[in-house]
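The block underneath contains the structure these notes are about, expressed in structure tokens.
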Amino acid sequence: MDKEQLRFIGGLALLVALGLNLRPLLAAASPLMEDIRQATGLGYSVLAWLITLPFLCMGAVALASGRLRALLGERRGIALSLVAIAVACGLRQLNGEGTTLLATALLGGAGIALIQALVPGLVKQRFGRHMPLAMGIYSASLMSGGGLSSWLSPWITEVSGSWQRGIGIWWIPAIVTLLGWLWFSRHQSRPSSNAPISSGQKYWRWPRAWLLAIYFGIINAGYTSVVAWLPVYYRELGWSAQSSGGLLAWMTLFQVLAALLMPALAQRQRIPDRRGLLVFALLAQLVGYLGFILLPTVGTLFWVAISGFGLGACFGLGLILALDHLPDPFEAGKLAAFMQGFGFMINALSPWISGGLREATGNFLAAWILLSVGVVAMMLVTPRFNPAEYRIHAANAAPIRAS
């Protein structure tokens with residue numbers, strides 16, 4: 001095995017480690033929401049901000065990622081992000097007050113956001129023709145981190161007797177990954193002062209970029225609501241914290257399967273037409289949501305698995321869809337940052353709206369219905385992503401990028 005192959009494998013391993021650190025801040029608290037609510041006195045709509053705030057940060061940081069990349073460089077940008085995640089989790093372990101939880105949601109969310117904004121362009125640049133496979137592995141690891149933390153956090157809480165430790169212990173993998181990143185990227189050059197600044201602002205004037213952003217936001221909106229409220233939904237149906245948290249871990253298995261399988265299928269496509277894969281993924285989400293509405297206690301594992309498969313596929317395919325539109329890695333990274341910026345802001349609204357509907361109606365049925373409507377709407381939009389028209393759209397965007 002030559003040095004280039006070792007660097008390729010090492011790059012994939014580090015990509016996995018980065019992904020694993022991007023969801024415990026969100027998912028670890030989910031099966032413990034009832035414990036947190038009783039300890040802090042926070043209502044459902046306020047608890048939703050524990051998910052909403054990080055996703056708002058993801059959106060804002062993604063839009064500014066070009067300037068941050070030029071200012072910090074990838075090495076320092078990712079390193080500072082991992083420090084922010086570690087500090088946020090550590091503070092949660094030390095202090096479980098409501099204000100601390102919300103403040104750390106902002107701090108950790110900013111760290112998560114910067115890594116997510118830097119990774120797509122980095123992957124397209126460093127993995128080249130293996131980009132769909134690398135994005136699939138990254139997406140799978142991201143989702144695995146969420147499932148693992150939601151499964152382990154109730155167990156850690158029970159063993160330690162502290163829900164704060166259950167949601168805060170995730171500073172340890174962040175520090176380990178930080179050390180690995182600093183070693184792996186030690187030969188990376190510092191950002192040049194005259195390097196071009198990648199800014200998503202130019203894409204404000206490109207209708208296609210807005211379509212991608214809205215599409216990405218809605219097809220992934222279910223993830224934030226499911227992570228926030230699926231365990232709470234089943235605890236209201238009589239399940240324990242560990243069993244309801246286990247549902248997220250079970251869902252993650254199928255998210256990971258989809259995140260690996262669907263981009264691998266995309267990799268094998270001679271023509272980058274992702275529409276069939278996207279429709280299949282959206283249909284899987286719809287079946288799961290309908291199961292939650294109509295038969296939540298019958299075939300529960302199937303509904304969770306099929307919705308998880310759909311959600312896992314949509315995240316990776318959504319990123320690939322944006323990267324397909326422009327051939328230049330630098331410009332494709334800018335487009336992906338813009339798409340994620342506004343897409344994550346849409347994601348951020350989802351658990352907040354779902355929590356508000358729960359308080360207004362007394363159950364989560366209205367939330368599942370709203371997610372189902374969004375999925376159907378995006379199935380109707382999907383045919384517009386015809387790869388034969390990408391060159392036309394890229395040509396229309398050229399004057400905007402050059403201005």
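Each reported figure results from applying straightforward, stated rules to the coordinates on display, with no laboratory input. These numbers come from a predicted model, not from an experiment. Glycine also receives a Cβ, built like all others from the backbone with ideal geometry; neighbour counts cover every protein chain displayed.
Brief remarks follow.
- Among Asp2, Asp328, Asp35, Asp273, a tally of other beta-carbon atoms within 10 Å of each Cβ gives an order, fewest to most, of Asp2, Asp328, Asp273, Asp35.
- Using just its DSSP H runs of length 4 or more, each adding -39500 (n - 2.57), the chain gives a mean residue ellipticity at 222 nm of -27500 deg cm²/dmol after division by all residues.
- Dipole axis of the chain (+1 Lys, Arg; -1 Asp, Glu on Cβ), positive-most option in Leu357, Leu317, Leu53: Leu317
- Neighbour counting of Cβ atoms within 10 Å sorts the residues Leu261, Leu286, Leu317, fewest neighbours leading, into Leu261, Leu286, Leu317.
- Spin-label model, Val279 to His130: label points 7 Å out along the Cα-to-beta-carbon direction sit 3.3 nm apart.
- Counting beta carbons within 10 Å around each of Lys334, Lys124, Lys202, Lys3 and listing the fewest first gives the order Lys3, Lys202, Lys124, Lys334.
- Dipole magnitude of the range 1-140 about its Cα centre (Cβ charges: Lys, Arg +1; Asp, Glu -1), debye to nearest 20: 560
- Among Pro327, Thr382, Leu211 - extreme Cα towards positive end, dipole of the chain, charges at beta-carbon: Pro327
- Euclidean distance between Cα centres, the range 215-250 to the range 46-95, Å: 23
- The chain - percent relative contact order, Cα under 8 Å, separation 6 or more: 26
- Prolate/oblate/rounded call for the range 296-374, Cα gyration tensor, a/c under 1.5 rounded: oblate
- Gap separating the Cα centres of the range 127-141 and the range 352-371, nearest whole Å: 34
- Kyte-Doolittle mean at least 0.5 and Cα axial length at least 24 Å: DSSP H helices in the chain: 3-20, 65-94, 98-127, 131-160, 241-268, 275-294, 300-325, 365-381
- Computed about its Cα centre, the charge dipole of the range 1-61 is approximately 80 debye, with only Lys, Arg, Asp and Glu carrying charge at their Cβ.
- Evaluated with a Cβ-only charge set (Lys, Arg +1; Asp, Glu -1), the chain carries a dipole of roughly 1220 debye about its Cα centre, given to the nearest 20.
- Most positive-pole-ward Cα, Val256, Gly111, Val232, against dipole of the chain from beta carbon charges: Gly111
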